[in-house]
């Protein structure tokens, strides 16, 4: 039987088998896990497939901070968010996938905002180099919108 | 899975294009329209994502050239975006400082009314107030509505917006009875904000679900609260008129008592001296008959500590609100010094032994000049607040000599009930302001 301390804790197991002991209030910031807990289909250990230990640790760090700082100033949290999501593209992609799959809204919003900042004000040329690799054959020069706004980028 | 994502990236290192469509949409929502539209030429995977955007925001940042465009050019660009957009537009914001009100907006609103608009913001800066077209009144899905500089004249068959939750009207020309019936025909309304408006007759606020009310710079005869039992946050600033509660017109009844009788669950209250002076009409009791148990934050602006009426209302509110957590008072200038004695008498005569603010943590006092009555009030608050953490005092540099040293010396002498109450003192120099 679980003791009173363990009662409020959950164990999350990453795709590569590492286990994390997390307070329930933090874990249920993921709607997917919340549903599992509410439907009582969560046993002692909740598997988190598709998310490796490295990324899972980051997600837990984010959720813990958001859980603790509910009373804190919103601006502090914003600073934390913008620093947290400021990562390399690979980590960013994995984090977005994890946040989307596990349904962690706050994290997903912060990540999407970050990607948006990377695109904002940049020329198409620049975005291509940054994200897509440079694939000239995909340029759709006949696109209507291209003529309105995008051609200026190459001036 | 890790391996899979690496394979997808492969030679192109294309990271964002492989994200699910819903995430691409979330990313695009964070971008100005110009940048969002621009993504359509990134790759075929991006081409049509923006056209299904659930929100279109035309503000001064929507494209980089917007500040240089003429009215016609701006309207043309908006039309182009709308022509290419597909699917419903639940959220639409039009807030362009260079766009004057014009008849073409009628077509825009007609288009939106046919595309499931739910959150509509129309803020007009220039030109004549814009007369809302009849198609506007058929936007039955509206949940959020914010208007600036519009003429709101509803057709006789208008039945209200049955799903409306939030209504913000800024410089909107509307007849009092039209507005009264609009409010009462929006049964779900939770937030109401009226700014810089003129009300010719009595405005009746009949809103059983209303939680937030803001009235700012309202010129008019009176506002009448009716059926507002859920109101939690009330801010009333520069209201030049009469605040009324249904059924009470006689001057002998205390306005203060009747007003707060209709606000049983109030949590946040912001008042300014016009309203406070009005409330003092009909006499101010020592304590309200109904205790304001939920009131946590009290903000009072442009207060004069030499005005007996104002101070007696403030003292009455403080006595009646045992669970206050934060009090903010900003003082206004006052030249004559003849009437100080009355306030001082009021503060000294009242018995405060039965009052304690057991939740009060923060007090902010702005623009003080260190008069006798101000200091007496500070002494009083320090004496009745057992858990006070911070008292922030900021002085009016033009009226305070010796950098506020006298005030600071006096205040630090006062006994404090709370052993960990900290006094933070700020003297702002004239030159620094």
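The values are calculated or read from the model by the stated rules, or taken from the named source; none is laboratory data. This is a predicted model, so every value here is computed, not measured. Neighbour counts are summed over all protein chains in view; Cβ atoms, including those assigned to glycine, are modelled from backbone coordinates with ideal geometry.
Below is a table of values for the structure above.
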| read-out | value |
| --- | --- |
| Residue under evaluation residue B:119, criteria (1) over 22 Å from residue B:56 (Cβ atoms); (2) in contact (Cβ under 8 Å) with a residue 60 or more places away in the chain, criterion not met | (1) |
| Candidate set: segment A:10-44, residues that are assigned to a loop (DSSP other than H, G, I, E, B) and over 17 Å from residue A:98 (Cβ atoms); chosen: the one modelled with the highest pLDDT | A:39 |
| Residue pairs meeting the criteria (Cβ under 8 Å; at least 6 apart or on separate chains; first at the interface with another protein chain (Cβ under 7 Å from one of its Cβ atoms) and part of a loop (DSSP other than H, G, I, E, B), in segment A:116-134; second at pLDDT below 85 and surrounded by 16 or more Cβ atoms within 10 Å (Cβ to Cβ)) | A:133/B:12; A:133/B:14 |
| Residue count for segment B:46-60, restricted to those that are crowded, with 17+ Cβ neighbours inside 10 Å, at pLDDT below 90 and at the interface with another protein chain (Cβ under 10 Å from one of its Cβ atoms) | 1 |
| Extreme residue, farthest from residue B:409 (Cα to Cα), among residues of segment B:338-393 that are in contact with a helix residue (DSSP H, G or I) (Cβ under 9 Å, 6 or more places away or on another chain) and in a strand (DSSP E or B) | B:363 |
| Subset tally (residues that are within 11 Å of chain A (Cβ to nearest Cβ) and surrounded by fewer than 15 Cβ atoms within 10 Å (Cβ to Cβ)) for segment B:61-72 | 2 |
| Hits in segment B:1-45 - residues which are more than 9 Å from every other protein chain (Cβ to nearest Cβ), crowded, with 16+ Cβ neighbours inside 10 Å and either modelled with pLDDT under 80 or not in a helix (DSSP H, G or I) (or both) | B:45 |
| Wholly within segment B:104-176, strands (runs of 3 or more DSSP E) carrying at least 3 residues that are more than 20 Å from residue B:219 (Cβ to Cβ) | B:119-123, B:144-148 |
| Residues (part of a loop (DSSP other than H, G, I, E, B) and out of contact with any helix residue (DSSP H, G or I) (no Cβ under 7 Å at 6 or more places or on another chain)) located in segment B:279-297 | B:283, B:293, B:294, B:295, B:296 |
| Test: residue in segment A:28-36 that is within 14 Å of chain B (Cβ to nearest Cβ), buried (at least 19 other Cβ atoms within 10 Å of the Cβ) and either farther than 18 Å from residue A:9 by Cβ or without any contact (Cβ under 8 Å) to a residue 12 or more places away in the chain (or both) | no |
